[in-house]
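For reference, the structure discussed in these notes is given below.
What follows is calculated from the coordinates using simple rules that are stated; it is not laboratory data. This one's a predicted model, so the numbers in the text were calculated from it and none came from an experiment. Every residue, glycine among them, receives a Cβ derived from its backbone with ideal geometry; neighbour counts consider all protein chains shown.
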Amino acid sequence: MRNNISDYEAVEKVARKFAEAVATGKSEICKPYFYDEAVMFGYLDGRLEHGGIQNLYDNLDNAGSDPKYVYRVDVLTIEETVAIVQVIEDNWGGHNFTDYLMMMKMEDGWKVVAKVYNQNSNTIKK
């Protein structure tokens, strides 16, 4: 069954809160939108980064803000209680990323349960 437009707007809002946290370097902006046990996987400068979502929060808080940061949000799919959103990011600390936010509809709204990302190869620093 197709979800209501309000669900699309809600998951887009969650993704935009994530991007706002990246832009400002303040993890507290996105924390309410991530499930406590969320996980993160991806390669940063050729090394696998994985584990609990605290890794993301630490990265955000340590990176600080970047006025050159820009992003685009695309809701790829929503299927009742599951959503996948793509966030394309340029200039996060000199890196470009494509993130996939996997979300679940919980009793208190949509929450990110997993963040999987790809660092664009032209921004890898070894």
field: Interchain or long-range residues, amide H under 5 Å from Asn120's placed H
entry: Asn96, Phe97, Thr98
statement: Spelling it out for Ala114: with amide H atoms placed in the peptide plane at 1.01 Å from N, the residues 5 or more places away or on another chain with amide H under 5 Å from its amide H are Val39, Met102
statement: Most packed first (mean Cβ within 10 Å per residue), the peptides 21-33, 66-78 order as 21-33, 66-78
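Quick one: Cα convex hull volume of region 5-123, Å³ per residue?
It is 93 Å³ per residue.
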statement: Scalar couplings 3J(HN,Hα) for region 83-88 by Karplus 6.51 cos²θ - 1.76 cosθ + 1.60 (θ = phi - 60°), nearest whole Hz, x for Gly and Pro, are 9, 10, 10, 9, 10, 8
task: Can you tell me what the convex hull of the Cα atoms of region 4-67 projects to on average, as an area in nm²?
output: 5.2
- prompt: Given a cut-off of under 8 Å on Cα pairs at least six residues apart, what relative contact order in percent is computed for region 5-123?
  reply: 27
task: Sum -39500 (n - 2.57) across every DSSP H segment of at least 4 residues in the chain, then divide by the residue count to get the 222 nm mean residue ellipticity, nearest 500.
output: -8000 deg cm²/dmol
task: Measure up Lys17/Lys125; Lys17/Lys105; Lys17/Lys111; Lys31/Lys115; Lys26/Lys125 against 20 Å on the Cα-Cα distance and list the ones that go over.
output: Lys17/Lys125; Lys26/Lys125
statement: Computed ³J(HN,Hα) along region 18-23: with the Karplus parameters 6.51/-1.76/1.60, θ = phi - 60°, integer Hz and x for glycine or proline, the list is 4, 5, 5, 5, 5, 4
Distant-in-sequence amide H partners of Asn3 (H built 1.01 Å from N, under 5 Å): Glu80
- prompt: So what J values fall out for region 37-52 if you push phi through Karplus, 6.51 cos²θ - 1.76 cosθ + 1.60 with θ = phi - 60°, rounded to Hz, Gly and Pro as x?
  reply: 9, 4, 10, 9, 9, x, 9, 10, 6, x, 10, 5, 10, 7, x, x
